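Student: I have a structure I would like to understand better, so I am pasting it below and will then ask my questions one at a time.
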Amino acid sequence: AAAIRDGWFHTGDIGQIDADGYVSITDRKKELLVTAGGKNVAPQPIEALLKRDPIVAEAVLLGDRRRFVSALLVPDFAILEQRLPGGGAGASPDELSVRADVRALFQPIVDRANGGLASFERVKSFAILPAEFTVESGELTPTLKVKRRVVQERWSAVIDAIYSTAPPPEAPSS
């Protein structure tokens, strides 16, 4: 009875109804990010846009109570090494995650994802993490879903670094 209010079944999901009357679930209400400016951002659709490129193994959107949206990106290191000129042979994940040429591979992916988003939803800054998420590290559930809270705790220093500087200026729309 508590779940049915005003004739609607309140599941905690966020969705939309298309022109044909079909319902699509796009996110969980508890996962919504609310920026410092009060804008609601559903992270899962944006994370899915970022993960369309096979070089991105995982993407976690940040921005709850923050002045802008950012992302933590986890590379698929095998694909990353294939895409790097010279392969990146011998470089550790820690070294790869901070290299300018690696960041240059990820910037167009972020730019493409930002293309159809409202300005408050756009990823203004991102960090490349040096380790894949695992069930053993506690960052993934047994069904391989990202545990956002655990990721934010483990990578808090990286997140603090993202938000310690102003985001890069946004390019004017053309």
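Each value in this text was obtained by applying a stated rule to the coordinates, not by laboratory testing. On a predicted model such as this, the values are computed, not experimentally measured, just so you know. For neighbour counting, all protein chains shown are included, and Cβ atoms are generated from backbone atoms with ideal geometry for every residue, glycine included.
Student: What is the sum of charges, Lys and Arg at +1 and Asp and Glu at -1, for the other residues whose Cβ falls under 9 Å from the Cβ of PHE68?
Tutor: Values: positive: ARG66, ARG67, ARG122, LYS124; negative: none.
That works out to +4.
Student: Now a separate question. Segment 103-150 to segment 60-100: how many Å between their Cα centroids?
Tutor: Here the two parts' Cα centres lie 9 Å apart.
Student: Arrange the peptides 51-63, 72-84 so that the one whose residues have, on average, the most other Cβ atoms within 10 Å appears first. The partial results should precede the final answer.
Tutor: Numbers: 51-63: 19.8, 72-84: 18.2.
The packing order, highest mean first, is 51-63, 72-84.
Student: Grab the other residues whose beta carbon is less than 13 angstrom from that of GLU136, score K and R as +1, D and E as -1, and report the net. Before the final figure, lay out each step's value.
Tutor: On the way: positive: LYS147, ARG154; negative: GLU132, GLU139.
Overall, the nearby charge balance is 0.
Student: Can you check what the net charge comes to around THR35, using other residues whose Cβ is under 12 Å from the Cβ of THR35 (Lys, Arg +1; Asp, Glu -1)?
Tutor: On the way: positive: LYS39, ARG65, ARG66, ARG67, ARG122, LYS124; negative: ASP64, GLU121.
Neighbourhood net charge equals +4.
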